[in-house]
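The structure under discussion appears below in the form of structure tokens.
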Amino acid sequence: MSRIKAEGIESELDTPMRRIVFEGFESKILQTLASRTKRNGGEAAPARTASPEEDPKLREHCGVAAVYHHPDAARQVYLSLYALQHRGQESAGIASADGNSISNIKGMGLVSEIFTDEVLSKLKGDMAIGHTRYSTTGDSALLNAQPIRVESTKGLIAIAHNGNLVNLGNLRVELERQGATFQTTSDSEIIIQLIAHSTATTLVDAIADSLRQVEGAFSIVMMTRDRIFAARDRHGFRPLSMGRIQNPDGPDTIVFASETCAFDLLHAKFERDVAPGELVMVTEDGVTSRQYAEPNQSSCIFEHVYFARPDSKIFNRWVQDSREQMGRQLARESHVPADLVVPVPDSGVTAAIGYAAESGVPFRFGLIRNHYVGRTFIEPEQKVRDFGVRLKLNPVRNLLEGKRIILIDDSIIRGTTSRKIVRMVRGAGAKEVHLRISCPPTISPCFYGVDTPRKSELIAANQSIEEICSFIEADSLAYLSLDGLQHACDGGEGNQYCVACYTGNYPTAWVDVEDILPATATL
Ligand SMILES: O=P(O)(O)OC[C@H]1O[C@H](OP(=O)(O)OP(=O)(O)O)[C@H](O)[C@@H]1O
Ligand SMILES: NC(=O)CC[C@H](N)C(=O)O
Ligand code: SF4
Ligand SMILES: [Mg+2]
């Protein structure tokens with residue numbers, strides 16, 4: 001069975017070798033995702049399970065990238081996606097355009113598994129867009145992999161979307177009434193179908209028209225046969241930056257990416273963020289822009305806490321700086337006497353460096369991460385998952401033995417992983433284990449592209465800090481205050497942040513009431 005979908009390309013792309021790699025990944029991913037929940041109208045969504053043991057991890061966002069005017073555009077997008085792999089590991093795709101048509105190749109699995117040299121060489125043209133997906137609406141299946149390519153009265157359009165829309169139901173029904181035939185069950189296709197069905201006479205007007213109708217989170221890149229578009233929702237939930245590669249002998253190459261870490265690999269220079277509510281168009285004549293909606297910024301603060309890479313500058317602020325400040329503030333707010341500060345890799349590392357610097361307690365890698373185990377390593381069975389955490393993290397016994405340890409992690413969602421890590425550190429001989437978390441308690445789900453569980457499954461929504469502390473069997477537990485977090489992510493840039501998962505106050509109207517019910521109400 002082929003797991004790669006090639007559109008606008010004649011030849012058969014699956015080699016037996018790659019099929020084997022794919023099958024291995026496919027079965028793991030399909031198993032783990034059998035229990036995923038899709039909010040907001042994902043028709044093919046499987047039922048959500050209420051078991052706290054079912055799905056212990058956060059899921060990433062997606063990553064998007066685009067390149068305009070480069071002789072090997074698809075390869076540049078490939079490199080960008082490689083740098084954005086941490087934002088989505090379910091599926092990936094690249095679409096390229098050569099002025100006449102759009103080719104599109106998508107597959108389940110990691111970027112490096114889908115795009116061999118042979119596959120990349122099929123993607124001709126000097127423009128390309130790409131996507132790494134972790135699904136929030138619609139099944140994790142090849143069908144919903146992106147870019148999504150649609151042939152419409154406005155011509156061929158391909159889209160790659162990071163974020164999650166919150167007003168799907170009505171829009172989809174209305175579009176179907178107007179004759180739209182959806183190819184996917186993902187929310188992202190709504191944007192492209194709205195463009196196709198817009199009565200606006202120019203494509204750029206049709207895009208603006210579409211973007212004004214959808215609510216929620218979207219950082220998107222789009223491509224026609226000869227143009228690239230990039231846009232962010234008016235809240236600017238998800239990051240999206242623009243960069244430039246200067247070509248001495250011709251026009252500059254313009255690039256877009258979810259995070260600036262992708263630019264470094266391309267030797268592109270960061271130019272600016274796409275602004276909330278802005279639509280940027282790149283054509284032969286250069287870069288033009290319009291503000292299609294009134295901005296009302298509420299960028300996701302959790303990007304700074306967990307999702308983005310520390311070597312990225314998002315919302316005009318270095319993630320590294322924010323995380324270090326979170327750690328420093330955590331030390332100021334809730335220090336406890338100890339011998340070592342130990343991070344829970346990877347996302348706890350930078351905050352732990354800040355904590356150690358502020359407190360003067362030595363920093364040591366007391367837990368070693370196996371880099372061949374992905375960020376979202378989950379298995380459906382508890383027994384396998386227990387082993388999974390041990391496979392991913394291993395204690396350095398000679399560092400921990402007899403010591404009072406401050407463990408730093410970025411977040412607790414259900415608490416199952418933290419509990420295993422605390423046990424692991426104690427099992428390695430630590431005398432005391434104090435857990436410090438570099439954000440406030442997560443008490444409410446996200447509707448904007450982070451697939452956090454519903455409220456009934458969020459441990460901090462249903463238990464006090466003392467109860468959580470005793471559940472994870474730590475000697476003490478403390479979270480960073482909301483003020484402390486906001487201060488750490490401020491840095492004078494004047495960003496307005498969404499903090500809804502810590503407060504329950506959402507910047508848009510959300511739709512899934514069931515998701516925000518406390519545990520007791522669902523029993
Ligand atoms: O409430 P819990 O079940 O403990 O889940 C929270 C953990 O999951 C995430 O790490 P993950 O391993 O997904 O990614 P990372 O390696 O990038 O830190 C997060 O950083 C916490 O460590
Ligand atoms: N995590 C995301 O940004 C997902 C994008 C889109 N909502 C999808 O499910 O494909
Ligand atoms: S609810 Fe939380 S995770 Fe979602 S956008 Fe807001 S801050 Fe980010
Ligand atoms: Mg982690």
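Does Ala275 qualify as being crowded, with 16+ Cβ neighbours inside 10 Å and within 16 Å of ligand 2 (Cβ to nearest atom)?
no
Please find, within the stretch 351-372, the residue that is farthest from ligand 2 (Cβ to nearest atom) out of those that are under 26 Å from the mean Cα position of the chain (by Cα) and either outside the structural domain of His434 (by TED's automatic domain parsing) or open to solvent by less than 10 Å² (accessible area, probe 1.4 Å) (or both).
Per the stated criteria, the residue is Tyr355.
So, in the stretch 214-253, how many residues would count as being open to solvent by less than 10 Å² (accessible area, probe 1.4 Å), of a type in the set (A, V, I, L, M, F, W, C) and not in a loop (DSSP other than H, G, I, E, B)?
9
Can you tell me which condition Cys261 does not meet? The list is (1) on the phi > 0 side of the Ramachandran plot; (2) in contact with a helix residue (DSSP H, G or I) (Cβ under 8 Å, 6 or more places away or on another chain), and all the others hold.
Against the list (1) on the phi > 0 side of the Ramachandran plot; (2) in contact with a helix residue (DSSP H, G or I) (Cβ under 8 Å, 6 or more places away or on another chain), Cys261 comes up short only on (1).
Do the conditions hold for Ile468, that is, is it farther than 27 Å from Ser135 by Cβ, modelled with pLDDT of 95 or more, touching a strand residue (DSSP E or B) at 6+ places or on another chain (Cβ under 8 Å) and part of a helix (DSSP H, G or I)?
yes
Confirm whether Ala206 is under 24 Å from Ser103 (Cβ atoms), in the same structural domain as Asp285 (by TED's automatic domain parsing), more than 24 Å from the chain's Cα centre (by Cα) and more than 16 Å from ligand 3 (Cβ to nearest atom).
It is true that Ala206 is under 24 Å from Ser103 (Cβ atoms), in the same structural domain as Asp285 (by TED's automatic domain parsing), more than 24 Å from the chain's Cα centre (by Cα) and more than 16 Å from ligand 3 (Cβ to nearest atom).
Just to check your reading of the model, which residue among Leu458, Leu485 is within 16 Å of ligand 3 (Cβ to nearest atom) and either in contact with a helix residue (DSSP H, G or I) (Cβ under 7 Å, 6 or more places away or on another chain) or among the charged types (D, E, K, R) (or both)?
That would be Leu485, the only listed residue that is within 16 Å of ligand 3 (Cβ to nearest atom) and either in contact with a helix residue (DSSP H, G or I) (Cβ under 7 Å, 6 or more places away or on another chain) or among the charged types (D, E, K, R) (or both).
From Thr508, Thr417, Thr442, which residue is within 16 Å of ligand 4 (Cβ to nearest atom) and at pLDDT below 95?
Thr417
Return the residue satisfying two criteria in turn: it lies in the stretch 455-466 and is of a type outside the set (Gly, Ala, Ser) and open to solvent by 30 Å² or more (accessible area, probe 1.4 Å), and of such residues it is nearest to Gly504 (Cα to Cα).
Here the residue is Lys455.
What about Val173, is it open to solvent by 20 Å² or more (accessible area, probe 1.4 Å) and β-branched (Val, Ile, Thr)?
Answer is yes for this residue.
Please determine whether any residue of the stretch 327-345 is part of a loop (DSSP other than H, G, I, E, B), out of contact with any Asp or Glu (no Cβ under 7 Å at 6 or more places or on another chain), away from ligand 1 (no atom under 16 Å from the Cβ) and on the phi > 0 side of the Ramachandran plot.
No: the stretch 327-345 contains no residue that is part of a loop (DSSP other than H, G, I, E, B), out of contact with any Asp or Glu (no Cβ under 7 Å at 6 or more places or on another chain), away from ligand 1 (no atom under 16 Å from the Cβ) and on the phi > 0 side of the Ramachandran plot.
Considering the stretch 156-170 alone, what residues qualify as being more than 13 Å from ligand 2 (Cβ to nearest atom) and surrounded by 24 or more Cβ atoms within 10 Å (Cβ to Cβ)?
Passing the criteria: Ile157, Ala158.
What residue, of Cys489, Cys498, Cys469, is within 16 Å of ligand 1 (Cβ to nearest atom) and open to solvent by less than 50 Å² (accessible area, probe 1.4 Å)?
From the options Cys489, Cys498, Cys469, the qualifying one is Cys469.
Can we say Leu407 is at pLDDT 80 or above and either closer than 21 Å to Cys469 by Cα or touching a Leu at 6+ places or on another chain (Cβ under 6 Å) (or both)?
Considered against the rule, which asks whether it is at pLDDT 80 or above and either closer than 21 Å to Cys469 by Cα or touching a Leu at 6+ places or on another chain (Cβ under 6 Å) (or both), Leu407 comes out as yes.
Would you call Asp451 open to solvent by 20 Å² or more (accessible area, probe 1.4 Å) and of a type in the set (D, E, K, R)?
no
In the stretch 139-166, what count of residues is obtained for those that are at pLDDT below 90 and within 16 Å of ligand 3 (Cβ to nearest atom)?
1
Assess whether Gly429 counts as being farther than 30 Å from Asn162 by Cβ and either assigned to a loop (DSSP other than H, G, I, E, B) or modelled with pLDDT under 95 (or both).
Yes, satisfied.
Specify which of the listed residues (Lys420, Lys403) is open to solvent by 30 Å² or more (accessible area, probe 1.4 Å) and under 20 Å from Val336 (Cα atoms).
Exactly one residue qualifies, and that residue is Lys403.
The values are calculated or read from the model by the stated rules, or taken from the named source; none is laboratory data. This one's a predicted model, so the numbers in the text were calculated from it and none came from an experiment. Glycine gets a Cβ as well: all are built from the backbone with ideal geometry, and neighbour counts include every protein chain shown. Remember, those area values only see protein heavy atoms, side chains included, never the ligands or the DNA or RNA. Shrake-Rupley method; radii C 1.70, N 1.55, O 1.52, S 1.80 Å.
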